[in-house]
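Okay, structure first, notes after.
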Amino acid sequence: MQPDTLIWILLALSALAFYLGRNRAIQASSGHIRNLHSLPTYYGYFVALWCGLPALVILCLWLLFDDKLILQMVISQLPESWRNLPEDQLSLIINQIHNLVAGETGRQEVDPALQRAADHYRQLKAIGYQALTVLVLVIATASLTYGYRHVSPQMRARNSVEKVVRFTLILSSTLAIFVTIGIVLSVLFEAVRFFSKIPVTEFLFGLKWSPQMAIRADQVGASGAFGFIPLLTGTLLISAIAMAVATPIGLLAAIYLSEYAKSRTRSIVKPLLEVLAGVPTVVYGFFAALVVAPLLRDFGIELGLKVSAESALAAGLVMGVMIIPFVSSLTDDALTAVPRSLREGAYGLGATQAETITGVVLPAALPGIVSGLLLAVSRAIGETMIVVMAAGMTAKLTLNPLESVTTITVQIVALLVGDQEFDSPKTLAAFALGLTLFLITLALNLVALHVVRKFREQYE
Amino acid sequence: MSTIMNTVEEFVETMEPQGKSVADSEQGYHTVGEFSIAEPRISCRHVNVFYGEKQALFDINLDIGQRQVIALIGPSGCGKSTFLRCLNRMNDIIEGCRVEGKIQLDNQDIYSKDMDPVILRARVGMVFQKPNPFPKSIYDNVAYGPRIHGLASNRTELDEIVETSLKRAGLWKEVRDRLDHPATGLSGGQQQRLCIARAIAVEPEVVLMDEPCSALDPIATATIEQLIDELRERYTIVIVTHSMQQAARVSQRTAYFHLGKLIEVGQTSRIFTNPRHPLTEDYITGRFG
Ligand SMILES: Nc1ncnc2c1ncn2[C@@H]1O[C@H](COP(=O)(O)OP(=O)(O)OP(=O)(O)O)[C@@H](O)[C@H]1O
Ligand SMILES: [Mg+2]
């Protein structure tokens, strides 16, 4: 039987177990449900969980490990000469076996030994499934009987069920954490490999970024420089410009919407603002590169300034426009969450609307606003497309917004595009950059958390 | 102006079907008792209030006198708060709320175009039904009003205003050592007194109090009642209360509301000893319900 059929059968069995358990509880109560410790449905869930959970756990474990086991058995049956091959070639053969099993024979003749191995694999798999079916069904019925036997008026079914529920909740909440840890570890691992080739100090304090490595040993020129400071300044410069645009406009828009606008105006303007958030960043990139950058350039010429065709200013301005709806909608949420009674308190003392907003509403909404702004900063730091199109790819150490700069995310993309050996410093540098990016945004989020908590303590 | 008022008064008095149950008829009911007085501070005529489609107050006529306390009583949801909020135009900021009729403060129509609600609210202070301290320190809460109105020219004066206001509201002893603590950390009753202190710090000429003692213990209640007595020497006070004893203790006049209508109004002693309307009688003798 296939595992998916098996899962359905398990579900059906559990449903059956639910009814059995509930009915047994009702019978045991001899007509008075108050005699039971818990409500009858809890006894139903209790038996159902007993029936389903252990079998499900076994099923999952099996599915996790059966491939590895079977593969070991298949490999041990391979001809001697293949088994002693180096690891990467062996994995090639294993791949071929997998393909054969999946039915992708390809065009060439298949090596009979390979074919034999594939058949062996298939056979083992089938046997495995049969064994699994028997195992799961036996466990399910056995544990069902066990749970069913335990149903008695004194048994604390509710407590047991709630324990399982709580465990599930804990599991779900930690899952996200584990995934994050997994991602960090995988990036960290590659980054460590990078740092074994390039010293950390060079990466952190180097002022030059030009990640060209000789692909062949005999190639001339090009020794890489991996100083990430120019990328950091570029990222910060563009983010700062973006925030300088988005913060005032977003805040003022939100204040207008939540405090001054009539509900009709609000119902029109708010969705319109949110449309801005739905525009793909590539489109913003076009806009930046084709409209804003030339405009800035012409404007610069008139002022006698030298503006490069791709400039941090163009990218930053457009990125700022992009995150306006982000800022405004988060701020708007924070403002509308301020209870009306607070506003009334201020009005009741003879405060004007402006005094009420600046003196009472904004301070009360500050934690929400600050965390919204920090989220927007993370967003700006992580943005790639606009920068690629409008600010360029050259890593230049400058704080002049009229020059072309590049950012961390753009360089990650640039490093991973194209044919590269996977363990060359150039490719690995992408992971180091990814790690730094992660740490920067993590730090920002921690700051946001801290700010929010600080104001909470003070104000609630 | 006063001649018009007298005419209205006479007209209403001739029409008054004293002692009969008129609250059930939808329109054209009449308030029992002396709703009109000589030289009123505030005068309301034919006030109707709507929340959207729903009418919350029906044709309220009531005068409120200089240097006296008027108590508004009545069952929950009868419109006491709504009426109170008309007097400083607090209903303006509720979307969908509409106020009809004429309300005058010192013979000036408060709903006219010339009246700036901001100035009005500085003159007509309010203590809300639910304590609503700002998420600021205790000091800043009380100092908020004096600051925006520039009542203190320096820090010492401001300190003084804060201290006297808190003392008058009977909160000073409890908070003198932690004026910089967040006001939201105070207990419900302390918050209520803080809001009273905050309201009187701007020295309003009329004070509207919506159940100011609902969360207070008897001692704190006595302090507030004493404050009300003090304030009465100079100002006009409108107080909403669910406590008959409190109404009897602090007020000179009492108005009984029922389902959005002003059923009866008169001298407090008279209302509590000799209610004329059966609804009033039922309510004050505890038969309402
Ligand atoms: N913001 C509002 N929107 C819609 N209806 C309202 C609003 N505020 C009050 N009402 C309605 O107006 C009527 C009078 O309410 P009000 O708050 O004035 O009663 P109250 O006499 O103060 O009652 P309580 O003693 O419980 O405070 C009620 O029926 C209430 O449902
Ligand atoms: Mg009320």
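The values are calculated or read from the model by the stated rules, or taken from the named source; none is laboratory data. Note that this is a predicted model, so its numbers are computed, not measured. Neighbour counts run over all protein chains shown; Cβ positions are idealised from the backbone, glycine included. Heavy atoms of the whole protein, side chains included, go into the accessibility calculation; ligands, DNA and RNA do not. Shrake-Rupley method; radii C 1.70, N 1.55, O 1.52, S 1.80 Å.
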Determine the order of B:I110, A:I181, B:I219 by accessible area, beginning with the largest, at a probe radius of 1.4 Å. B:I219, A:I181, B:I110
Using label points projected 7 Å from each Cα along Cα→Cβ, tell me how many nm separate A:V164 and A:V275, to one decimal. 5.1 nm
Report the charge-dipole magnitude of chain A in Debye, nearest 20, computed about the Cα centre from +1 at each Lys and Arg Cβ and -1 at each Asp and Glu Cβ. 1760 debye
At a 1.4 Å probe radius, which order do A:W8, A:W82, A:W209, A:W62 fall into by accessible area, largest first? A:W8, A:W62, A:W82, A:W209
Taking the dipole about the Cα centre of region A:225-455, with the C-beta of Lys and Arg at +1 and of Asp and Glu at -1, give me whichever of A:Y347, A:G434, A:Y284 is farthest to the positive side. A:Y347
Between region A:140-158 and region A:50-109, the Cα center-to-center distance that results, in Å: 39 Å
Please report the accessible area of A:M389 (heavy atoms, 1.4 Å probe, ligands and nucleic acids excluded) in Å², nearest 10. 40 Å²
Can you give the Rg/Rh ratio of region B:116-175, where Rg is from the C-alpha atoms and Rh is the Kirkwood radius? 0.97
21 Å Cα-Cα threshold exceeded, pairs from A:K197/A:K396; A:K454/B:K173; B:K80/B:K130; A:K454/B:K130; B:K102/B:K130; B:K102/B:K261: A:K197/A:K396; A:K454/B:K173; A:K454/B:K130; B:K102/B:K130
What is the log10 of I(q)/I(0) for the protein assembly as shown, computed with the Debye formula using one identical point scatterer on each Cα and no solvent, at q = 0.05, 0.10 Å⁻¹? -0.51, -1.10
Check: region A:3-155 dipole with +1 on Lys, Arg Cβ and -1 on Asp, Glu Cβ, in debye: 1020 debye
Which whole number in µm²/s is D for region B:117-240 by Stokes-Einstein, with the Kirkwood Rh taken over Cα pairs at 37 °C and 0.692 mPa s? 231 µm²/s
For A:K270, counting only aspartates and glutamates whose alpha-carbon sits under 15 Å away and dropping same-chain residues fewer than eight positions off, the answer is A:E259, A:D332, A:D333
Order B:C78, B:C97, most accessible first, counting only protein heavy atoms with a 1.4 angstrom probe. B:C97, B:C78
Relative contact order for chain B, counting Cα pairs under 8 Å that sit 6 or more residues apart, in percent: 26 percent
Taking the alpha-carbon set of region A:208-366, what are its Rg and Dmax in Å? 22.5, 82
Select from region A:84-178 those GluC sites (Glu not before Pro) which occupy a DSSP coil region and have at most 14 other Cβ atoms within 10 Å, ordered by residue number. A:E104, A:E109
Can you list the aspartates and glutamates whose alpha carbon sits under 19 Å from that of B:K54, skipping same-chain ones fewer than 8 residues off? B:D24, B:E26, B:D92, B:E95, B:E100
If I take all pairs of Cα atoms in region B:156-216, what percentage of them are more than 15 Å from each other? 49 percent
Region B:200-234: GluC sites (Glu not before Pro) in DSSP loop, at most 10 other beta carbons within 10 Å: B:E233
Quote the accessible area belonging to B:R98 in square angstrom, nearest 10, computed with a 1.4 Å probe and with ligands, DNA and RNA left uncounted. 110 Å²
Would you work out which of A:F167, A:P153, A:A140 lies farthest towards the positive end of the dipole of region A:131-208? Charges go on Cβ: Lys and Arg +1, Asp and Glu -1. A:P153
Using eta = 1.002 mPa s and T = 20 °C, Stokes-Einstein with Kirkwood Rh from Cα pairs puts D for chain B, in µm² s⁻¹, at 109 µm²/s
Please label the shape of region A:387-447 as rounded, prolate or oblate, based on the square roots a ≥ b ≥ c of the eigenvalues of the alpha-carbon gyration tensor (a/c under 1.5 means rounded; beyond that, a/b larger than b/c means prolate, else oblate). oblate
Given all pairs of different Cα atoms, what value in angstroms does the Kirkwood hydrodynamic radius of region A:305-358 take? 14.3 Å
Burial order of peptide ranges A:234-245, A:88-99 (average beta-carbon count within 10 Å, highest first): A:234-245, A:88-99
Tell me the relative contact order for region A:3-155 as a rounded percent, counting alpha carbon contacts under 8 Å between residues six or more apart. 39 percent
Could you state how much accessible area A:L124 has, in square angstrom rounded to the nearest 10, with a 1.4 Å probe and all protein chains kept in place? 30 Å²
Relative contact order, percent, of chain A when contacts are C-alpha pairs under 8 Å separated by at least 6 residues? 16 percent
